[in-house]
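The structure appears right after this line, and notes come after that.
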Amino acid sequence: MLALLPVPAHDRVPALFGGIEVLCLAVLAALAVKRLAPQPTRRSHAAVVLLAAAIVFDGWAFVPVPRPVPVALDADPVIELPTRGWVEDAAAMYRATMHRRPLVNGYSGYFPPHYAQLQRDLRNGCVASLDGLRGGRSLDAVVWRADPDAVRIDAALHELWSTARREETPDVVIYRVPRSASDPTPQSPTAACGARP
């Protein structure tokens, strides 16, 4: 919806609207404190400090830092599997800051239709979408073993890329698919798996 607005692209970022919301809430909180305690006293100071601490505690989140991929990655794009939503994709994006390779996974205020189709195909067991996605480029597919679907994904990738180099560590299985002479233009996932409802 925001993409349809006739404004510069950086003004469509939802986080900017979130920042404006936080600013407005802070101003409203200050007005409420001024209304409830027009004359500052020790009691009002203590109440404000207590409320501020409660707000900070309510919004505080302890998020574990994602473990880095335990081996070096060097393919044109990298994809981390499984990819179901923002939790897995945000962790993959964090790891991409360490390995510095182009990443298929992603999370932002915009959810492209082709990525939604890729996730649907992968949920339905169609890993052939990954071949259409890479379009002849090299690809490193990282499968995290801790996930319950890891064994199924590993078997499907092994069937798809039986000649690709496969590396194992206690945490991940990596398929290193080399460049091929096929069309280097990435295709829509639908081209590989067929349209799905």
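The values are calculated or read from the model by the stated rules, or taken from the named source; none is laboratory data. Fair warning: this is a prediction, and the values are worked out from it, not measured in the lab. Note: ideal-geometry Cβ built from the backbone for every residue, glycine included; neighbour counts use all protein chains shown.
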Scanning segment 92-110 for residues that are buried (at least 16 other Cβ atoms within 10 Å of the Cβ) and over 23 Å from Arg166 (Cβ atoms), the one farthest from the chain's Cα centre (by Cα) turns out to be Met93
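Yes/no matrix, rows are residues, columns are (1) under 18 Å from the mean Cα position of the chain (by Cα); (2) modelled with pLDDT of 90 or more:
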residue	(1), (2)
Ala90	yes, no
Ala116	yes, no
Arg123	yes, no
Asp131	no, no
Gly135	no, no
Arg152	no, yes
Val177	no, yes
Pro184	no, no
Ala195	no, no
Pairs where the first residue, in segment 143-156, is in the same structural domain as Val173 (by TED's automatic domain parsing) and the second is outside any helix (DSSP H, G or I) and of a type in the set (Ser, Thr, Tyr), C-beta under 9 Å, 6+ apart: Val143/Tyr175; Arg145/Thr169; Asp154/Tyr175
